[in-house]
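Before any comments, here is the structure.
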Amino acid sequence: MKRLGPAFFGRDSPVVAPELLNKLFRFGGCSGRIVEVEAYTSDDPASHTFRGKTARNAAMFGPPGRLYVYFTYGMHHCVNISTGRDGDGQGVLLRAVIPVEGIELMRMRRGPVRDRDLTNGPGKLTQAFALDLSHNGERAEVYDDGAASAGPTLVGPRVGISKAVDWPRRFRITT
């Protein structure tokens, strides 16, 4: 199993995003197979980096392969992995994973939900993995275990944004 590093993440997010599908994300004693992501670039009006670097979004500006954790809607954390050249302001939002290891721990963190609902959304994912603002800027743990894709990659518009809605930068695989 190979840990993905800066060379993998140091490319544009629309290139990295579909290649993250079916890789293993590890954090907080848990792991999950990535099945849904969204790509964001600095020229994207829906990106947190569109208006430039701030204290909040600094992790998205690199180095590549770092976690950008943010709090949204006053209730959920979400996590991106920085991509692109150092200083460019790109990232891939992790939208969903299929739990692989630490499922009992995820259940404890998430409460009484169906297993299929443990990590099928960006806020659910961060809660199950116990990711919060204190992890912003840490190096992402993503591994390629050589597993074959479970199905074709579906490409479409991103979810929950109001700008550049029609940009086809959401990538997912069916399970």
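Bear in mind these aren't lab numbers, they're just calculated from the coordinates by the rules spelled out. Since this is a predicted model, take the numbers as computed values, not measurements. Positions of Cβ are generated from backbone atoms using ideal geometry, with glycine treated the same way; all protein chains shown enter the neighbour counts.
The stretch between LYS2 and ARG114, if pulled fully straight at 0.36 nm per residue, gains 37.2 nm over its current Cα-Cα span. For a paramagnetic label modelled on GLU101 (point 7 Å from Cα along Cα→Cβ), amide N atoms under 18 Å away belong, within segment 1-28, to 1-5, 22-28. Taking Cβ atoms as reference points and 14 Å as the exclusive limit, the residues near ARG114 contribute a net charge of +2, counting Lys and Arg as +1 and Asp and Glu as -1. Summing +1 for each Lys or Arg and -1 for each Asp or Glu, what net charge is found among the other residues whose Cβ lies under 9 Å from the Cβ of ALA39? Value of the local net charge: 0. Largest mean-square fluctuation among ARG114, ARG51, ARG85, in a Gaussian network model of the chain whose springs join Cα atoms under 10 Å apart, belongs to ARG114. Each residue of segment 76-84 was assigned a 3J(HN,Hα) from its phi angle through the Karplus expression (A = 6.51, B = -1.76, C = 1.60, θ = phi - 60°), giving 10, 8, 9, 9, 10, 10, 5, 9, x Hz with x at Gly and Pro. Dipole orientation for the chain: of the candidates VAL97, THR126, GLY32, THR126 has the Cα lying most toward the positive pole (charges on Cβ; Lys, Arg +1; Asp, Glu -1).
Restrict the search to segment 31-110; then list the chymotrypsin sites (Phe, Trp or Tyr not before Pro) that DSSP places in a loop and that have at most 12 other Cβ atoms within 10 Å of their Cβ.
Answer in residue order: TYR73.
In terms of its C-alpha gyration tensor, the chain has a rounded overall shape, because the principal axis ratio a/c (a ≥ b ≥ c, square roots of the eigenvalues) stays below 1.5.
Taking amide H as placed 1.01 Å from N in the peptide plane, VAL100 has its amide H under 5 Å from the amide H of SER31, GLY32, ARG33, each at least 5 places away in sequence or on another chain. Measuring nothing but alpha carbons in segment 67-155 and taking Rh as the Kirkwood radius, the Rg to Rh ratio lands at 0.98. For the chain, what is the relative contact order in percent, using Cα pairs closer than 8 Å and at least 6 residues apart in sequence? The normalised contact order for the chain reaches 29 percent. Which pairs break 22 Å Cα to Cα here: LYS2/LYS23; LYS23/LYS163; LYS53/LYS163? Those over the limit are LYS23/LYS163.
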